[in-house]
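The values are calculated or read from the model by the stated rules, or taken from the named source; none is laboratory data. Small disclaimer: the values here were computed from a predicted structure and weren't measured. As a convention, Cβ positions derive from the backbone with ideal geometry for all residues, glycine included, and neighbour counts pool all protein chains shown. Only protein heavy atoms, including side chains, enter the accessible area calculation; ligands, DNA and RNA are left aside. Shrake-Rupley method; radii C 1.70, N 1.55, O 1.52, S 1.80 Å.
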Amino acid sequence: MEIVLLGTGCPQCDPARRGPSNLVRARGLQFLVDCGSGVTQRLVEAGSRGADIDALFLTHLHTDHVVDFYQLVISSWHQGRPRAQRVFGPPGTKAFVEGTMALWEPERRLRIAHEQRGSVAAFEIETIEIAPGTVFDEGGVRVTAVAVAHAPVRAAFGYVFEADGCKAAFSGDTAFCPALIDAARDADVLVHECFVYRELQPVPGMRSAATVAAVASYHTRSDEVGRVAAQANAKLLVLNHFVPTRFDRGAVLAEVARDYAGPVAVGEDLTRFDCATRRVAHRDFHLQLGRTS
């Protein structure tokens with residue numbers, strides 16, 4: 001199983017960190033977890049395409065996690081996708097998908113009529129609204145959804161992928177969450193969000209101290225995430241979905257290390273993790289983490 005961080009950012013605009021999205025490759029299948037801003041470009045940079053994706057798993061319906069959904073659909077059509085899209089997500093996903101497709105329907109009709117491409121199958125969307133538990137079990141890959149703590153969002157999920165004896169867990173957006181810890185137990189890789197509270201300062205006219213506190217309340221702080229990884233006994237912690245996008249990496253690693261003695265990676269866009277070989281790569285940098293036994 002291979003994981004590629006396509007976007008490690010948040011709603012802030014930062015060319016170094018695109019919107020939240022992750023690619024999972026396992027047993028010849030390819031999956032997306034969320035489709036934030038820039039996902040289709042990052043997919044190409046990762047050697048893949050929207051046309052190749054077997055399923056999209058949405059953690060929740062906040063804009064930064066879904067904003068490039070239609071771009072994924074239209075670019076997949078341009079790439080010759082010969083089959084329907086499959087989208088798994090929380091209650092409300094069907095309304096989101098149908099509303100998005102309806103919004104762009106007039107433009108889509110013009111494109112179809114004028115461009116005369118061979119298939120419109122890429123515009124067919126199979127939407128599956130999920131509950132906690134196993135949501136996908138095909139081709140030797142099992143995906144489990146776990147309800148996480150992102151109130152006031154009513155339905156938000158993390159996901160656990162399992163294939164070929166490897167286990168990868170994705171937190172989605174969540175405060176400290178015992179249910180996620182249980183689901184991620186002994187994961188080869190735990191990809192977890194990281195809210196760096198001390199670096200998100202109030203800015204007059206933009207955000208107050210109350211704003212910062214409110215946003216922090218439904219995320220996991222950088223001084224908490226090490227405890228999550230330690231209690232889950234994760235073999236590798238990958239920090240992801242940073243708020244803010246610019247921060248002191250050394251200070252964050254020091255915070256995590258107070259609670260978690262295992263290896264930690266500060267995720268960057270296009271970082272790759274191979275669960276089976278325990279190799280980490282980012283552009284020309286490669287790291288072998290060693291064996292677990």
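Points to keep in mind about this one:
- Magnitude of the charge dipole for the chain, about its Cα centre and with charges confined to Cβ atoms of Lys, Arg (+1) and Asp, Glu (-1), is about 280 debye.
- Candidates Ala51, Ala214, Ala84, ranked by Gaussian network fluctuation over the chain, Cα under 10 Å, top entry: Ala214
- Its relative contact order, with pairs defined as Cα atoms under 8 Å and 6+ residues apart, puts the chain at 17 percent.
- Protein accessible area in the range 186-257, 1.4 Å probe - carbon and sulfur %: 54 percent
- What the Cβ-Cβ distance of Ala209 and Arg283 gives, at R0 = 45 Å and to the nearest 0.05, is a FRET efficiency of 0.75.
- Those trypsin sites (Lys or Arg not before Pro) in the range 8-103 that DSSP places in a loop and that have at most 16 other beta carbons within 10 Å: Arg27, Arg83
- Surface listing: Cys166, Cys13 arranged by accessible area from highest to lowest gives Cys13, Cys166, probe 1.4 Å.
- Share of alpha-carbon pairs per 5 Å distance bin for the range 1-83, given as whole %: 3, 17, 29, 27, 17, 6, 1
- Note on the range 9-152: the alpha carbon radius of gyration divided by the globular reference 2.2 N^0.38 Å gives 1.04.
- Among Pro11, Pro204, Pro178: highest mean-square fluctuation, GNM of the chain, C-alpha pairs under 10 Å: Pro204
- Of the beta bridges in the range 183-268, as assigned by DSSP with both residues counted there, near 10 percent are antiparallel.
- Cα gyration tensor of the range 108-259 - equivalent ellipsoid semi-axes, whole Å, descending: 32, 24, 15
- C-alpha center-to-center spacing [the range 207-277, the range 185-202] in angstrom: 3 Å
- Accessible surface area normalised per residue over the chain is 43 Å², counting heavy atoms of protein chains with a 1.4 Å rolling probe.
- Cα-based helix-to-principal-axis angle, 69-78 vs the chain, degrees rounded to 10: 50 degrees
- Each principal axis of the range 63-117 carries a Cα extent, and these read 35, 21, 18 Å when sorted largest first.
- The alpha-carbon atoms of the chain define a convex hull whose volume equals 133 cubic angstrom per residue.
- Percent accessible area from carbon and sulfur atoms, the range 43-129, protein chains only, probe 1.4 Å: 54 percent
- Remark: C-alpha extents of the range 206-280 on the principal axes read 45, 27, 21 Å, sorted largest to smallest.
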